1. Just subtract the alpha-carbon distance of Gln37 and Arg6 from 0.36 nm times their residue separation and send over the number in nm, one decimal.
2. Starting with the highest mean, order 15-25, 42-52 by the number of other Cβ atoms within 10 Å, averaged over the residues of each peptide.
3. What residues have an amide H closer than 5 Å to that of Ile84, excluding those fewer than 5 places away on the same chain, when H is modeled at 1.01 Å from N in the peptide plane?
4. Just to be sure I understand the model, the point goes 7 Å from the Cα along the line to the Cβ. What's the resulting Met25 to Ala49 distance in nm?
Amino acid sequence: MTSKLRCPNGHKLSFDARDGGKQAMCPKCHSRLTLPQPRREVSDTSILAVLGAPPADRSIVLRPTAPAAPSAPRRVCPRCQTRISAGFQLCPNCRTYLPASCRDDL
C-alpha cells in the first residue's frame with residue numbers, strides 16, 4: 001500500500017506503507033525526514049473489549065419498559081450532554097452505550 005506525504009520543503013513524496021518509521025531523504029531537496037507509521041484500524045473485537053461484558057440477561061434497553069415517572073432519576077449522556085432517564089443503556093439521541101460503571105445518579 002502506498003502512502004503520501006510532503007517533505008519539510010513542500011515536495012510531494014510517496015512511499016510504501018511498510019517503510020513507516022524509517023528515515024528517508026527527499027530526492028529533490030535532500031532534506032531528511034521520518035516516514036509516518038500507517039494508522040491501525042480499530043477492530044470490532046477491540047471495541048467490544050473497551051465496552052466490557054454485556055449485561056447478564058443479554059439485553060440492551062433502548063427504551064425503558066414502563067413509562068418513567070416525572071420524578072424518575074435522570075442522567076446526562078457523556079457524549080451529547082442530553083438528559084435521559086436512568087433506565088436507558090443507550091442514549092436515544094446519539095446511541096452511545098452507557099455501561100453500568102459510568103451511570104451515576106444526578
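1. Numbers: separation 31, 0.36 × 31 = 11.16 nm, distance 1.44 nm.
Residue separation times 0.36 nm, minus the Cα-Cα distance, leaves 9.7 nm.
2. 15-25, 42-52
3. Arg75, Val76, Cys77
4. It is 4.1 nm.
FYI, it's all coordinate maths here, none of it is from the lab. Source: prediction; values computed, not measured. Every residue, glycine among them, receives a Cβ derived from its backbone with ideal geometry; neighbour counts consider all protein chains shown.
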